[in-house]
1. Is the shape of the range 52-165 best called rounded, prolate or oblate, per the rule: a/c under 1.5 gives rounded, else a/b larger than b/c gives prolate, else oblate, with a ≥ b ≥ c the square roots of the Cα gyration tensor eigenvalues?
2. Using the charge dipole of the range 468-604 (Lys, Arg: +1 at Cβ; Asp, Glu: -1 at Cβ; taken about the Cα centre), state which of GLN554, THR485, VAL603 has its Cα farthest towards the positive end.
3. Pop out the ³J(HN,Hα) list for the range 170-183 in order, Karplus 6.51 cos²θ - 1.76 cosθ + 1.60 with θ = phi - 60°, rounded to Hz; leave Gly and Pro as x.
4. Where the centroid of each part is defined by its Cα atoms, how far is the range 552-599 from the range 42-75 in Å?
5. In whole angstrom, note down how far apart the Cα centers of the range 153-174 and the range 392-456 are.
6. Could you order the peptides 151-157, 115-121 from most to least packed, using the average number of other C-beta atoms within 10 Å per residue?
7. Assigning unit charges at the beta carbon (Lys, Arg +1; Asp, Glu -1) and nothing else, what dipole magnitude in debye, to the nearest 20, does the chain show about its Cα centre?
8. What distance in nm separates the simple spin-label points at GLU408 and ASP226, each placed 7 Å from Cα in the Cβ direction?
Amino acid sequence: MGVLATFAAALLALQADDLDAAPPAGQDRPDPAPAAPPTGPPPFVWTEAAKAAGIDFVTECGEPGKPRLIDQVGTGLAWFDYDGDGWLDLYCANGSTLAGWQGTEPNLRRPRLYRNLGDGTFADVTEKAGLLSANWGVGPAVGDIDNDGDADLYVACVGPNLLYRNNGDGTFSEEAAGKPVAFPGVTPGAAFGDLDLDGDLDLYVSAYLKFDLANPPKAYGRKVRDLDVSLAPNDHPGAPDRYFQNDGKGGFTESTKRSGFLVNEEEHGFTTIFTDLDGDDLPDLFVANDRTPNLLYRSRKLGLVEEVAEQSGVAVSTIGKPQACMGVAVADLNDDLLPDLFVTNFQGETNAAYVSNGDGTWDDKFKEFEKGGSSRVFVGWGAVFADFECDGDEDLLVINGHVNPQLETEVPQHYQYLQRPLLYRADPPAEGPRRWTECAEACGLPLAERRPGRGAAIADYDEDGDLDVALSDVDGPIRLLRNDTPRAGGFLKVKVEGVAPINRDGYGARVTIEAGGRRQSRFVIDNSSYLCHSDSRAHFGLGAAAQVDRITVQWPGGRQEIFDGPLAADRTVVIRYGDGIVAERRGAATTAISPPIKPSKMVQ
């Protein structure tokens, strides 16, 4: 590298370090207003439905001024059918305070489990279900840990973590207490996946920082432009993540070192993704880290991994600098049947779109998403790919919010604590790279409202065929944005069910459909966005296609089952490993298919 190039890279790195600095003279204020108000119909129509639906939970995370990092992490959400009635229910993690964690004052905050009643409303069943915990809950993970057909729940926490086994009668039993899986640190993220392909779900938990409860970090430990704010992530030592292997009955044994995971790493871990990233039919694991290099664990053989993020191109920015990575969204952006990773970052950085090259490496192609770098003034958290209008192209929703509330009172105001989302609408396909248009402001309220955003979890909670979104803010009400956008076409949802040797949830499967001369793929995973679990059914918008010509399920380990059409649109199909299409759901009614529709072709 030449002297000038080296100097330029160093200068950019120094500028990026001072992420709270005032913008240079002449630079636009953060999130500047558009030159003219949007005209014409909004590209997407969203209705705030939480109050009408009976969801009245208000999150509280840490102390109001956010004096320490643990106060800023926020809380996540999970959509899952806990009672097996066919309707997705919503779990909302709770927070606490340092004093509550230390036990010097009671933690009055409690999580919420809202049961979907099937008519657009929800009932609070938290206490009845046995989930009324006083732990400082942050990031839920959902998976059937014992393959009994019931969804179990793990809650990563600040403090001891929780593992709830579903009893199958609408209640849960907590089983982590006193066991290694409780992992009592600052561990915001967790994900289930079958690393060793033995048919049961293993668990990876990300650790954020080392924290001495008896001697906590100083509150408001630094100043930014005369504002008292918290210490930054790099002012704290990181902490090693942990991997737990399932014993086949829902019990877990700590197996971090034995499986090849790093035991001495000190990254600041957030969101974790389990899926086959390089197309070798073995599960891999990606961890988004805050201001420390990301981790990519590639399976080198069954059940054993090696860390390869740096050589794969996903560890640091394009100038070789670790970024403040929080959330992760997964999609196939270049139609090569391999997962690509969208990662949200801090202000002063752009988000990253790691697109696979098909050889185990990725290139950051975020410039295909936006022109002009508007994301640099936002702090990104949750991110989800979803075909919100059912036109056959996945859109991208990114949730933003700063970490320092003091910014809202600064005069002059350099950056905003309350920030609006970014919504990238996929442009119609054309020659050349795929492009997106950012349109959140054009959607108007409630989507464009400025909030201290964190989590985003998508689900078709009302079973009308389009995807809705639940949002969590720091110290604010849970928002439920019902998608009322006029559909551009039909839809198909695919629910996969594993049978030994495949885990019951089918985590690690890839579902591909062909319709109208186009191919689309979705990846069945546990956790994504930012500390959230979304509807794990694969959702496809069909656009102008009247039917589906083919469904291909690639199961964990590589076996493919192919179902040739024509297959009718506007329904959910249930595909069980080895049995075929065993049920379908249209609206509120689920019907068993007997005999099941067998695959047209199976590929080992």
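1. prolate
2. Comparing the listed Cα positions along the dipole, VAL603 ranks first.
3. Computed from phi, the couplings for the range 170-183 are x, 10, 10, 10, 7, 10, 7, 3, x, 10, x, 5, 5, 6 Hz.
4. 36
5. Taking the Cα centre of the range 392-456 as reference, the centre of the range 153-174 is 33 Å away.
6. On the way: 151-157: 26.9, 115-121: 16.0.
The peptides rank, most packed first, as 151-157, 115-121.
7. Values: 55 positive and 93 negative charges, 112 e Å.
In total the dipole reaches around 540 debye.
8. 2.2
The values are calculated or read from the model by the stated rules, or taken from the named source; none is laboratory data. None of these values were measured; they are calculated from a predicted model. Quick reminder, even Gly has a Cβ in these numbers, built from the backbone with ideal geometry, and neighbours come from all protein chains shown. Note: accessible area is taken over every heavy atom of the protein model, side chains too, but ligands, DNA and RNA are not part of it. Shrake-Rupley method; radii C 1.70, N 1.55, O 1.52, S 1.80 Å.
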